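Trainee: Let me give you the structure first, and then I'll get to my questions.
FYI, it's all coordinate maths here, none of it is from the lab. All values derive from a computational prediction rather than experimental measurement. We place every Cβ from the backbone using ideal geometry, glycine too, and count neighbours over all the protein chains shown.
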Amino acid sequence: MSRSDEDFVQHYKNKYSSPDLPPAWMTLETLSFGNLSKLIANLDCKSEPYKRIALSFGLSNSFILENWIYSFSVLRNYCAHHSRIWNRRYHVELKMPYNTKFPFIDRQNLNKIYKNKIFAALCCIQYIIRIISPQSNFKNNLFETIDNGGNLLNFKDMGFPQGWRNFGVWK
C-alpha cells in the first residue's frame, strides 16, 4: 500500500490519519495477483467464510479454489515473462472438480484431462470467467485464436482432448 500511486490510495493518505491502514478493499485492489494468491493460500480454507466463497463459485471443495488461484498466478507469470505456455507441462496440477454448480466437464471426460497442461487451466479460467463476467469475450477470443492459428498448434501436446468444444464449460 505504501508504494501505491493509485489516486484512491493517495486520497486516503491525504484525507485520513486514522485508522492507519486503509479499508480492505483498497488493500486488495493494490495487491499483485501473486500476492493475492499467497494471501488466499494463507487463509484457512476449512473456515466457513472461505467455504462460502468457494460455494459462490459453485465449488463444493474450497481446496479447489485455492489451487486454481495459485495455478492462475503461475500462468499469469509465464505470460508476463513471455514464457512458452502452449505445449509445456506446468509444475502445478489443477484439481478438477466432479461436482460443480455451473457447467464444467462431465465425469467421463474429466478423466481424460491432463491436469498439468494449458487446456485444464483454460477450462478453469473459463469456468470462473463465466461466473464473474458472463459477457466476457474470453471464449470467443480463444476460439478465434485457435481457429486462425490452429495449423501451427499441436492440440494433443496442449492437453486438448477430442470434442473439447462440446464440454459444458465451453458451450
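Trainee: Which of the aspartates and glutamates could be linked to Lys117 by a straight reach, that is with a Cα gap under 14 Å, when you skip same-chain ones fewer than 8 residues away?
Mentor: Answer for Lys117, where 14 Å is the Cα cut-off: Glu93, Asp157, listed by chain and number.
Trainee: Next question, about the same structure. Between Ala24 and Gln135, what's the calculated FRET efficiency when r is the beta-carbon distance and R0 is 22 Å? Round to 0.05. Present the calculation step by step, with values, prior to reporting the outcome.
Mentor: Working: r = 27 Å, r/R0 = 1.23.
It comes to 0.20.
Trainee: Same structure, new question: Can you give the local net charge around Tyr114? Use residues other than it whose beta-carbon is closer than 13 angstrom to its beta-carbon, Lys and Arg +1, Asp and Glu -1. Walk me through the numbers on the way to the answer.
Mentor: Working: positive: Arg88, Arg89, Lys112, Lys115, Lys117, Lys156; negative: Glu93, Asp157.
Here the charged neighbours net out to +4.
Trainee: If the only charges are +1 at each Lys and Arg Cβ and -1 at each Asp and Glu Cβ, what is the size of the charge dipole of the chain around the Cα centre, to the nearest 20 debye?
Mentor: Details: 22 positive and 13 negative charges, 130 e Å.
The dipole magnitude comes to about 620 debye.
Trainee: Another question, if that's okay. List the residue ranges in the chain for DSSP H helices whose C-alpha atoms run 15 angstrom or more along the long axis and whose Kyte-Doolittle average is 0.0 or above. Please list the in-between numbers first.
Mentor: On the way: long enough: 62-80 (27 Å, 0.52); 118-132 (21 Å, 2.19); 138-149 (16 Å, -0.72).
Within the chain the helices that satisfy the rule are 62-80, 118-132.
Trainee: Quick one: if the Förster radius is 30 Å, what FRET efficiency do Asn35 and Trp86 give, using the C-beta to C-beta distance and rounding to 0.05? Could you put the intermediate results ahead of the total?
Mentor: Working: r = 27 Å, r/R0 = 0.90.
Efficiency, from the Cβ-Cβ distance: 0.65.
Trainee: Are there chymotrypsin sites (Phe, Trp or Tyr not before Pro) in segment 1-76 that DSSP marks as loop and that have at most 14 other Cβ atoms within 10 Å, and which are they?
Mentor: Working: sites: Phe8, Tyr12, Tyr16, Trp25, Phe33, Tyr50, Phe57, Phe63, Trp68, Tyr70, Phe72; in loops: Tyr16, Phe57.
Of the chymotrypsin sites (Phe, Trp or Tyr not before Pro), the ones in loops of segment 1-76 whose Cβ has at most 14 other Cβ atoms within 10 Å are Tyr16.
Trainee: In addition: Quick one: go through segment 67-91 and flag any residue whose amide nitrogen is under 19 Å from the point 7 Å out along the Cα-to-Cβ line of Ile53.
Mentor: Counting only backbone N, you get 67-76.
Trainee: Among Lys51/Lys115; Lys13/Lys101; Lys15/Lys139, which pairs are too far apart, with a Cα-Cα distance over 31 Å? Intermediate values should be presented prior to the final figure.
Mentor: Numbers: Lys51/Lys115 23 Å; Lys13/Lys101 42 Å; Lys15/Lys139 43 Å.
Where the Cα-Cα span goes over 31 Å, the pairs concerned are Lys13/Lys101; Lys15/Lys139.
Trainee: Pick from Lys156, Lys115, Lys95: which is most flexible by mean-square fluctuation in a GNM of the chain where alpha carbon atoms under 10 Å apart are linked?
Mentor: Lys156
Trainee: When the chain is treated as a GNM, springs tying every alpha-carbon pair under 10 Å, which of Asn154, Asn14, Asn87 comes out with the largest mean-square fluctuation?
Mentor: Asn14
Trainee: Here's another thing I want to ask about it. Using a Förster radius of 22 Å, what is the FRET efficiency between Asn109 and Lys156 based on their Cβ-Cβ separation? Nearest 0.05, please.
Mentor: Plugging the Cβ-Cβ distance into 1/(1 + (r/R0)^6) gives 0.90.
Trainee: Sticking with this one: Give the order of His11, His91 when sorted by the count of other beta carbons within 10 angstrom, beginning with the fewest.
Mentor: Details: His11 12, His91 8.
By the 10 Å Cβ count, ascending: His91, His11.
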